[in-house]
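Worksheet: the structure to be examined is printed underneath.
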Amino acid sequence: MTETAKAKAESAKAKKAAETRESIVNVCIRMFAERGFVSTSLDEIGRAAGITKGAIYWHFENKDALFTAILSRIREIWDEEVLQPLSADGSPRRKLQQLFEHYEELFKEDPFVVLFLHRVLMDADDRFAPQVDKVFEETAGMIAKVIADASNRGEFRPDVEADVLARLIVAGFAGAHMQAKYSKGVTLHALLAELREAVLLRATIRRIGMG
């Protein structure tokens, strides 16, 4: 085999390996979102992905390594779809509006990404839940900065508690998607719209007795 042919063969092999790895990650995101990470076995993952358990081990040393790869992928998606609007130019109020819009778009386009994050927290495993919680901690931190900036600009009340309101938004996202998924007659769009208006109202209306 010539060097050129050998290089092509290695490139094709690497491409196939990358595609298989991506397929495993995508299957796992869906399965873990629906059934939970801890309760889903590698045998079940293999059957769903159309590969053997041995093939999974070829790509991932163990289930923990698989979780790390999945969370890394999800963090990239979350950062791009949800957090980037918070760091873009524009008024703080508009950033918060875009936050709700982009969260809804992400849920519509790839609901299992959002469900995976919340499912891991619901399972409350000591190894994995804290890692997912960091994603929401970072999100709440960025939201709090936007709210504090709005207060400093005079767009929001000066006494608004940025950290508390930011965590309320993050908690509201989780509650809204669970209600939309399991309750009939209510949509995520309607729930997020009400949550957004409630947050903005809370942040802008002054309490009685304030100057």
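Which one, ALA174, THR52, LEU66, projects farthest toward the positive side of the charge dipole computed for the chain from Cβ point charges (K/R +1, D/E -1)?
Towards the positive end, the residue furthest out is THR52.
On a 0 to 90° scale, report how tilted helix 111-123 is relative to the longest principal axis of the chain, with both axes built from alpha carbons and the result rounded to the nearest 10.
With both axes taken from Cα atoms, the answer is about 80 degrees.
Would you mind checking the pairs LYS108/LYS184; LYS15/LYS53; LYS15/LYS63; LYS16/LYS108; LYS16/LYS53 and listing those with alpha carbons more than 26 angstrom apart?
Checking Cα-Cα distances, LYS16/LYS108 exceed 26 Å.
Of [x] 19.4; [y] 17.5; [z] 17.0, which is the value of Kirkwood radius over Cα pairs in Å derived from the coordinates here?
The listed entry that was calculated here is [x].
Quote the charge dipole size of the chain about the Cα centre in Debye, to the nearest 20; the model charges only the Cβ of Lys and Arg (+1) and of Asp and Glu (-1).
Computed charge dipole of the chain: roughly 240 debye.
Nearest 10 degrees, 0 to 90: what angle lies between the long axis of helix 3-35 and the longest principal axis of the chain (Cα atoms)?
For helix 3-35, the angle is close to 50 degrees.
In the stretch 3-204, with Lys and Arg counted as +1 and Asp and Glu as -1 at Cβ, which of these residues, ALA18, LEU86, HIS118, has the Cα nearest the positive end of the dipole, that is, farthest along it?
ALA18
Do any trypsin sites (Lys or Arg not before Pro) in the stretch 128-185 lie in a DSSP loop with no more than 13 other beta carbon atoms within 10 Å, and if so, which?
Here the trypsin sites (Lys or Arg not before Pro) that fit, given the DSSP loop and packing criteria, are LYS184.
Tell me the mean residue ellipticity at 222 nm calculated for the chain from its helices only (DSSP H runs of n ≥ 4, each -39500 (n - 2.57), averaged over every residue, nearest 500).
One gets -25500 deg cm²/dmol as the mean residue ellipticity at 222 nm.
Given the options ALA33, ALA176, ALA55, which has the most mean-square fluctuation in a GNM of the chain, springs set between C-alpha atoms less than 10 angstrom apart?
Comparing ALA33, ALA176, ALA55 in a Gaussian network model of the chain, the most mobile one is ALA55.
I'd like the orientation of helix 63-78 relative to the chain: the angle between its Cα long axis and the longest Cα principal axis, in ° from 0 to 90, rounded to 10.
Once rounded, the angle reads 50 degrees.
Quick note: the coordinates plus some simple rules give every number you see, no bench work behind them. Since we're looking at a predicted model, the values are computed, not measured. Positions of Cβ are backbone-derived with ideal geometry, glycine not excepted, and every protein chain shown enters the neighbour counts.
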